[in-house]
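Any read-out appearing in this document is the output of simple, stated calculations on the displayed coordinates, not a laboratory observation. No experiment lies behind these values; they were computed from the predicted model shown. In this analysis, Cβ positions are derived from the backbone assuming ideal geometry, glycine residues included, and neighbour counts consider all displayed protein chains.
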Amino acid sequence: MKKTVAIIGSSGAIGNAVAEILLDDDGVEAIYRFSRNDSNENSDRVKNLYIDIEDEESIKDCIKNLSKDIKFDLVFVATGILHNDNDIFPEKSIRDISKSKLEKVLLVNTIGPALVGKYFIPYLRKDSKSIFAFLSARVGSISDNKLGGWYSYRASKTALNQIIKNFSIEVRRSNPNAIFIGLQPGTVKSFLSKPFEKNVRPGNLFTPEYSATKMLEVIDNLSLEDTGKVYAWDGEEIQP
Ligand SMILES: NC(=O)c1ccc[n+]([C@@H]2O[C@H](COP(=O)([O-])OP(=O)(O)OC[C@H]3O[C@@H](n4cnc5c(N)ncnc54)[C@H](OP(=O)(O)O)[C@@H]3O)[C@@H](O)[C@H]2O)c1
């Protein structure tokens with residue numbers, strides 16, 4: 001059976017690359033691109049829908065616009081924030097911690113994806129394997145934290161990984177064919193990574209297409225016992 005896919009954050013570098021790769025896949029019947037500003041055209045196979053993951057009503061509304069019978073084989077959550085054009089930038093030290101910035105980063109990176117899970121999980125296919133993937137980050141691993149800093153982003157991804165684990169435990173009962181995973185895309189050229197590009201060793205800054213291709217390979221190879229885990233783009237399991 002051909003697949004139906006939802007990509008949340010399809011306007012981003014990685015989300016868009018995932019959508020473009022799946023568009024070339026004959027095994028994919030329909031792609032639902034959810035974002036705040038996607039300039040993509042609707043077509044027979046591609047539908048663009050508005051979502052603001054910071055607003056629970058917006059997530060609820062976009063579900064209302066879907067057919068009640070829709071079943072997703074893959075939901076890929078590619079939203080995220082590390083910095084913005086206003087005041088958000090990763091904290092270098094304790095004195096940079098601020099309530100409003102922590103709130104914003106946790107809202108986009110943790111609370112938004114948790115709410116996307118709340119409303120999209122009922123639409124996961126049940127009669128065969130289905131995947132709910134969230135873009136996480138290696139810096140969300142507490143055991144891997146050697147450098148410190150980046151308080152809000154690290155904490156938001158650590159908490160996201162916990163939410164993913166919780167989804168995997170609870171949904172096992174109602175949908176034993178569902179797999180929930182976090183994915184670390186590598187360092188990928190995008191708006192999000194732009195300020196840090198210069199620190200990346202040559203060859204280690206991936207194109208969005210390369211990272212998306214590798215992560216889709218990881219997704220294809222998942223089995224039910226992988227649910228709740230976090231994997232890197234090359235299939236390495238990232239420890240909590
Ligand atoms: N790039 C890397 O090196 C790297 C490394 C590790 C992890 N990651 C993770 O990968 C994910 C994607 O990153 P990227 O590199 O593709 O960054 P990006 O190009 O900046 O994309 C981020 C996406 O998040 C969306 N977004 C932010 N807030 C939103 C909201 N309230 N509602 C709906 N969409 C919202 C943006 O949409 P708008 O266009 O509407 O703003 C954009 O589509 C993030 O979770 C990031 O933490 C990236």
task = Evaluate the relative contact order of the chain (contact order divided by residue number), counting alpha-carbon pairs under 8 angstrom at least 6 apart; express in whole percent.
result = 19 percent
task = Report, in deg cm²/dmol and to the nearest 500, the calculated mean residue ellipticity at 222 nm for the chain, where each DSSP H run with n ≥ 4 adds -39500 (n - 2.57) and the sum is divided by the residue count.
result = -9500 deg cm²/dmol
key: Point-charge dipole on Cβ atoms (K/R +1, D/E -1) for the chain, about Cα centre, debye to 20   = 660 debye
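Among the trypsin sites (Lys or Arg not before Pro) within the range 78-145, which fall in a DSSP loop and have no more than 11 other Cβ atoms within 10 Å of their own Cβ? Before the final figure, lay out each step's value.
Details: sites: Lys92, Arg95, Lys99, Lys101, Lys104, Lys118, Arg125, Lys126, Lys129, Arg138; in loops: Lys92, Arg125, Lys126, Lys129.
Sparse-neighbourhood loop trypsin sites (Lys or Arg not before Pro): Lys92.
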task = Enumerate the calculated ³J(HN,Hα) couplings along the range 120-129 in order (Karplus 6.51 cos²θ - 1.76 cosθ + 1.60, θ = phi - 60°), each rounded to whole Hz, writing x wherever the residue is Gly or Pro.
result = 9, 4, x, 9, 6, 4, 10, 7, 8, 4
task = Rounded to the nearest 10 degrees, what's the angle between the helix 151-174 long axis and the longest principal axis of the chain, both from Cα atoms, 0 to 90?
result = 30 degrees
request  = Among Ile111, Ile21, Ile59, determine the one that fluctuates most according to a GNM of the chain built with springs between C-alpha atoms less than 10 Å apart.
outcome  = Ile21
key: Alpha-carbon centroid distance for the pair the range 91-160 / the range 178-236, whole angstrom   = 15 Å
query = Spin-label point model (7 Å from Cα, Cβ direction): what's the Lys129 to Arg201 distance in nm?
reply = 3.2 nm
key: Convex hull of Cα atoms in the chain, direction-averaged projection (nm²)   = 12.9 nm²
inquiry  = Can you give me the angle between helix 208-220 and the longest principal axis of the chain, using Cα atoms only, in degrees from 0 to 90, rounded to the nearest 10?
reply    = 60 degrees
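Which loop GluC sites (Glu not before Pro) in the range 139-240, with loop taken from DSSP, have no more than 15 other Cβ atoms within 10 angstrom of their Cβ? Spell out each step's value before the answer.
Working: sites: Glu170, Glu197, Glu209, Glu217, Glu225, Glu236, Glu237; in loops: Glu236.
In loop regions of the range 139-240 (DSSP not H, G, I, E or B), the sparsely surrounded GluC sites (Glu not before Pro) are Glu236.
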inquiry  = Please list 3J(HN,Hα) in residue order for the range 183-198, calculated via the Karplus relation 6.51 cos²θ - 1.76 cosθ + 1.60 where θ = phi - 60°; whole Hz, with x for glycine and proline.
reply    = 10, 9, x, x, 8, 10, 5, 6, 4, 4, 8, 3, x, 10, 3, 5
